[in-house]
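What follows is a short report on a single structure.
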There are 2 protein chains.
Amino acid sequence: MASTNSSPVACKVVLASAIAKALLSEVAADLQKMNRVPRLHGYLANRDPAARMYADWTAKTTREHGFHFTLHELDREDLEDEIRQANTDEDVDGIIVYYPVFDTRRDQTLQWTVSMFKDVEGLSPQLISNMYQNIRFLDSPHNTQKSILPCTPLAIIKILEHLHMYNPILDYGKRLFGRRITVINRSEVVGRPLAALLANDGAEVYSVDVTGVQEFSRGSGLTKQKHDVREMEGWGLEQCLPISDVVISGVPGEKYKVPTHLIREGAVCINFSSDKNFNPDVKERASIYVPAIGKVTIVILLRNLLRLANNRPTNAMTP
Amino acid sequence: MASTNSSPVACKVVLASAIAKALLSEVAADLQKMNRVPRLHGYLANRDPAARMYADWTAKTTREHGFHFTLHELDREDLEDEIRQANTDEDVDGIIVYYPVFDTRRDQTLQWTVSMFKDVEGLSPQLISNMYQNIRFLDSPHNTQKSILPCTPLAIIKILEHLHMYNPILDYGKRLFGRRITVINRSEVVGRPLAALLANDGAEVYSVDVTGVQEFSRGSGLTKQKHDVREMEGWGLEQCLPISDVVISGVPGEKYKVPTHLIREGAVCINFSSDKNFNPDVKERASIYVPAIGKVTIVILLRNLLRLANNRPTNAMTP
C-alpha cells in the first residue's frame, strides 16, 4: 500500500556502499565464529597502476575488517613457484593474483596454478565448471563445503538479492523464475559466468555482446537442472531491453551507453563497468539504478576467503 | 542463490489460508491494543443462500477472532431505517449488508445509506472516490484516519504483498513500479477498483473485460499523482498476457478459462472468481499460483472493522 508523497523521479538510486554495509555485517558475524583469523596472500608482479590500486584496496579492506593480508611484490617469472608454495602453506587460506601479469594466455596458466581450495577469486577450472553445471558443493553428496563463485558475478547476485529481485516465496535455486534479465558483456570473467548463474537461479537471460544475443535459460517451467544456451538469430538490444525486468551492463570505455529509450519502464539497471554505461536519463525510466558495484565486490572477496578458510577441516566454524 | 533440489514443477501453489494466517496475527495484535471490542452489525434481508452463507461465515470468523457480531434478519423494506439507526448507534462500529437485497439500482441507494464511518466493505461513495483519487486519509492534512478500501481488492493487494510483488526498496506508494499486471474483470465492485489501486501503487495495469482492454497507469516515471485510464484499441489477452508479470482473474462461471499458452513464463497467477478461471496446466507455466482468495477477504473485513473502530475518537488505540 502507498502514500501520497511524490518525489520528482520515482527511481531509487542504490549505492554499492549501502549494500556492502549489509553484507559486511554478515561477514563480521561469520568471522567471529572462526577459531583463527583467515589469511589472504596477494601477488603483485606487474607495474599496472590499476593492479597496484586494487592491491592497496585489498590490503586496506581485509585489514580493516579483521583479516590478515600479506602482499608479495615479485618478479613475474617467480610467480608460478610462489603460488605453488602458497598452495601447500598451512598458514595461507586464500590467494589473489593481480592481473594482467604477462597479458597473454600464460596468465590463464597462472590462474590454473592457484589451488581451487585457496582461490578467493573463484577462477579455478573446477570452480568455473561447477558454476556452469549448477553444482553448488565441493563434497557431494555430503554437501557441507560450498563451491566458490567468481567475485564480480557473485557481487551482482548479492546486489540483486538486496534489491529483492530474488523472490523468497519460491524454492531456493528457483527464485529468479519469471525474471527476464539482459546482461551486456559476455566476457569469460564476468558476463558469461553471470548469465549462467542467473539462468541457473531460474531467470531467462539475454547475454549480449558485439557478436549478438544468446539466451541462457533452464527452459519452460525450469524443467532442466542447469541452463542451456541458444543463439538468438537477428536479436539485438531492440528485442531484449523492452522485455527485460533487469538490465546489467559492463562494457569498458566511456563511449558505450545503453539506449535509455529501449529500457522497459520501471526496470532495475545495474552498471558494473568502471565507466558509466547508463545515461543520466536512465533515472527517468528505471525503478532502481545501481551506478557502480566495486564496494560490493571487495566484500565478496572477504566472503570467499571466509568460506575457503571454513572449508578447511581444521578451521571449521563453531556451529 | 540456489540449491540443486528440483521438484517436478517449479510453480509454488500458495493457499489463501496461509496468507490469511499471517494477516490474522496482525489483526489479533491490533485488537489487543483497543480499549473495547469492536462490534459489527450484519443485515440479512433476502433469501439468497449465498448471502446466508456469507452471513454465517462472518458470524463465525468475527466471533472466533474476538470481535462482537450481531445478525439482524429483517424485511427488506425496513432495511434503510435500520441502517440509519445503526449509523448513529454508539455501540456499532461496523455495518455489513448482505446483497443482493432488491437486486436493482435500489441496492446502490442502500449502499449509500451506510455511514462512511461504519462501512466495513468500503463501498461508500466518498471512500470509493478517495480510492480512485489515491487519497489515503479521511482527515487531511492531519492524516491520522486511514480511508477504508473495499475488501476484495484490498485482499488481493495484501496477497501481492505476501508474494513479494511489492518491492520494499522502492518508496511507499510506488512499490509496484515496473510491474505489469493484467486484471480480467472490470466490475465496479472488484475489477475496476483493483486496477485503480494497483496503478496508484505504481503498476502498469491492463484491465480486461468483454468490451476490450483499458490501461490504468501513473505514466512514465510515475510522474502523475494518480492513475489515468486509456482505451487500448485493438488489444486483447494476446497483447496483455505475454507481457504481464501478474495475472489476476475473476470471471464468474465455470466456462471461462484464461488461455495458459498466452501467460508469460514465470508469471504470478491469482484467481478471485468462485469458479476456477485457470486451467490445471497453469502450474507448468506460472511461478506462483493462488487458486482462491476468500479466506483473505474475510480477514480484510476484520481489519477494516478494526480501522473503523480505531478512527472513532473515543476508541483510539493505545500507542
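A few comments on the model shown:
Conditions (1) within 30 Å of B:R136 (Cβ to Cβ); (2) within 15 Å of the chain's Cα centre (by Cα); (3) charged (D, E, K, R), marked per residue:
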{"position": "B:V246", "(1), (2), (3)": "yes, no, no"}
{"position": "B:E254", "(1), (2), (3)": "no, no, yes"}
{"position": "B:K257", "(1), (2), (3)": "no, no, yes"}
{"position": "B:R264", "(1), (2), (3)": "no, no, yes"}
{"position": "B:N271", "(1), (2), (3)": "yes, yes, no"}
{"position": "B:G294", "(1), (2), (3)": "yes, yes, no"}
{"position": "B:L301", "(1), (2), (3)": "yes, yes, no"}
{"position": "B:L305", "(1), (2), (3)": "yes, yes, no"}
{"position": "B:N310", "(1), (2), (3)": "yes, no, no"}
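- Tally, over region A:238-252, of residues that are farther than 21 Å from A:P193 by Cα and not β-branched (V, I, T): 3
- If the condition is being among the aromatic types (F, W, Y) and surrounded by fewer than 17 Cβ atoms within 10 Å (Cβ to Cβ), then region A:26-78 contributes only A:W57.
- Filtering region B:188-225 to residues that are in contact (Cβ under 8 Å) with a residue 40 or more places away in the chain and exposed (fewer than 15 other Cβ atoms within 10 Å of the Cβ) leaves only B:Q225.
- Test for B:R39: is it among the basic types (K, R) and modelled with pLDDT of 95 or more: yes
- When residues in region B:89-101 are screened for being surrounded by fewer than 18 Cβ atoms within 10 Å (Cβ to Cβ) and under 17 Å from the mean Cα position of the chain (by Cα), 0 of them pass.
- Residue under evaluation B:H164, criteria (1) touching a Pro at 6+ places or on another chain (Cβ under 9 Å); (2) farther than 30 Å from A:I263 by Cβ, criterion not met: (2)
- When the helices (runs of 4 or more DSSP H) confined to region A:1-116 are screened for residues that are hydroxyl-bearing (S, T, Y), those reaching at least 3 such residues are found at A:49-64.
- When B:L149 is tested against (1) over 23 Å from A:G266 (Cβ atoms); (2) surrounded by fewer than 23 Cβ atoms within 10 Å (Cβ to Cβ), exactly one condition is not met: (2).
- Matching residues, region A:94-117, being farther than 20 Å from A:I298 by Cβ and of a type in the set (S, T, Y): A:T104, A:T109, A:T113, A:S115
- Residue within region A:233-245 that is charged (D, E, K, R), buried (at least 19 other Cβ atoms within 10 Å of the Cβ), under 19 Å from A:T182 (Cβ atoms) and within 13 Å of chain B (Cβ to nearest Cβ) present: yes
- Residues that are under 20 Å from B:A199 (Cβ atoms), touching a residue at least 60 places away in the same chain (Cβ under 8 Å) and not hydrophobic (A, V, I, L, M, F, W, C) within region B:118-143 comprise B:G122, B:Y132, B:Q133, B:N134, listed in sequence order.
- When A:A22, A:A10, A:A29, A:A18 are checked against the criterion of being within 14 Å of another protein chain (Cβ to nearest Cβ), free of Cβ contacts under 8 Å to residues at least 24 places away in the same chain and not β-branched (V, I, T), a single residue qualifies: A:A18.
- Tally of residues being closer than 30 Å to A:P100 by Cα and not hydroxyl-bearing (S, T, Y) across region A:19-55: 23
- Residues located in region B:102-131, provided they are crowded, with 16+ Cβ neighbours inside 10 Å and over 30 Å from B:L74 (Cα atoms): B:N130, B:M131
- Conditions (1) in contact with a helix residue (DSSP H, G or I) (Cβ under 6 Å, 6 or more places away or on another chain); (2) over 30 Å from A:S25 (Cβ atoms); (3) of a type in the set (A, V, I, L, M); (4) in contact (Cβ under 8 Å) with a residue 24 or more places away in the chain: number failed by A:I243: (1)
- Close contacts from region B:273-287, counting a first residue that is more than 14 Å from chain A (Cβ to nearest Cβ) and a second that is outside any loop (DSSP other than H, G, I, E, B) and of a type in the set (S, T, N, Q), with Cβ to Cβ under 8 Å and a gap of 6+ residues or different chains, come to B:S273/B:S249; B:N277/B:S249; B:N277/B:N271; B:F278/B:S249; B:F278/B:T260; B:F278/B:N271; B:N279/B:T260.
The values are calculated or read from the model by the stated rules, or taken from the named source; none is laboratory data. Please read all numbers here as calculations on a predicted model, not as lab measurements. A quick note on method: Cβ atoms are made from the backbone with ideal geometry, for glycine too, and the neighbour counts reach across all protein chains shown.
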